[in-house]
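Got a structure here, written out as structure tokens. Questions coming.
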Amino acid sequence: MLFVKVVMRDTNPQTFEGRKVQAQYGGRGWVNERTVSKTVLADTKFARCENHVVRSEDGKSVVSDWLWMEEHDAVNVIVVNRSGKFLVMKQKKYGIHDFTFSPVGGLIDAGETPFEAARREVIE
């Protein structure tokens, strides 16, 4: 039997700065025969963060702080121009204090194949 507990770290996790927030990740959760329990720490429409309690492979010990992060499937595309140069995007990301260079990529939309998502991301 698996025990799942939802822990909300905010007094009202369904709002942010007074706005209603859709916080249902909806992805498949990860559990297997070694999962003792899991606690949802944060849940958004893009990702879910959980703390898992996991039995060791030999079953003799338990790890109680296995941080687990789930995100929706995504693609990254290596684009090479006719001159043989790679196309990357210079962008600023939250949590990084400077610019980064990233390949073309993004989330795979519902009903989309990875190839379709890659083509869409290149066009976007």
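Looking at (1) of a type outside the set (Val, Ile, Thr); (2) open to solvent by 90 Å² or more (accessible area, probe 1.4 Å); (3) modelled with pLDDT under 90; (4) not in a loop (DSSP other than H, G, I, E, B), which one does Met8 not meet, given that it meets all the others?
With respect to (1) of a type outside the set (Val, Ile, Thr); (2) open to solvent by 90 Å² or more (accessible area, probe 1.4 Å); (3) modelled with pLDDT under 90; (4) not in a loop (DSSP other than H, G, I, E, B), Met8 is out only on (4).
Restricting to region 52-108, count the residues that are more than 17 Å from Val122 (Cα to Cα) and polar (S, T, N, Q). So that I can check it myself, show each step before the final result.
Looking only at region 52-108, we keep the residues that are more than 17 Å from Val122 (Cα to Cα), and these are 52-72, 83, 92-100.
After this cut, where a residue has to be polar (S, T, N, Q) as well, the list is 56, 61, 64, 83, 100.
Count: 5.
Select the strands (runs of 3 or more DSSP E) contained entirely in region 42-124, then report the ones holding at least 2 residues which are of a type in the set (A, V, I, L, M, F, W, C). Even if it seems obvious, please write down each step before you answer.
Values: elements: 47-55, 62-71, 74-77, 89-92, 99-102, 104-107.
The qualifying strands (runs of 3 or more DSSP E) are 47-55, 62-71, 74-77, 99-102, 104-107.
Can you tell me which residues in region 22-44 are surrounded by 13 or more Cβ atoms within 10 Å (Cβ to Cβ) and within 25 Å of Glu116 (Cβ to Cβ)?
Within region 22-44, Tyr25, Gly27, Thr44 qualify.
Across region 94-116, what is the total count of residues that are more than 19 Å from the chain's Cα centre (by Cα) and open to solvent by 60 Å² or more (accessible area, probe 1.4 Å)?
6
Looking at region 45-66 only, could you name the residues that are among the aliphatic types (A, V, I, L, M) and open to solvent by 70 Å² or more (accessible area, probe 1.4 Å)? Steps first, answer last, please.
Step one: filter region 45-66 for residues among the aliphatic types (A, V, I, L, M), giving 47, 53-54, 62-63.
The one that is among the aliphatic types (A, V, I, L, M) and open to solvent by 70 Å² or more (accessible area, probe 1.4 Å): Val62.
Residues checked against (1) farther than 24 Å from Ala47 by Cβ; (2) at pLDDT below 90; (3) charged (D, E, K, R):
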position	(1), (2), (3)
Val80	yes, no, no
Gly84	yes, no, no
Gln91	no, no, no
Gly95	no, yes, no
Asp98	no, no, yes
Gly105	no, no, no
Ile108	no, no, no
Glu112	no, no, yes
Ile123	yes, no, no
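If a residue has to be under 21 Å from Phe86 (Cα atoms) and hydroxyl-bearing (Ser, Thr, Tyr) to count, how many in region 99-124 make the cut?
2
State which residue pairs qualify: first residue over 10 Å from Asn76 (Cβ atoms) and in contact (Cβ under 8 Å) with a residue 24 or more places away in the chain and inside region 105-124, second residue surrounded by 13 or more Cβ atoms within 10 Å (Cβ to Cβ) and β-branched (Val, Ile, Thr) in any location, beta carbons under 7 Å apart, and separation of 6 or more residues or different chains.
Sorted first by the residue in region 105-124, then by its partner, the pairs are Ile108/Val75; Pro114/Val75; Pro114/Ile108; Ala117/Val75; Ala117/Ile108; Val122/Val77; Val122/Val79; Val122/Val104.
The values are calculated or read from the model by the stated rules, or taken from the named source; none is laboratory data. Computed from a predicted structure; not experimentally measured. Positions of Cβ are backbone-derived with ideal geometry, glycine not excepted, and every protein chain shown enters the neighbour counts. Please note that ligands, DNA and RNA were not included when accessible areas were found on the heavy atoms of the full protein model with its side chains. Shrake-Rupley method; radii C 1.70, N 1.55, O 1.52, S 1.80 Å.
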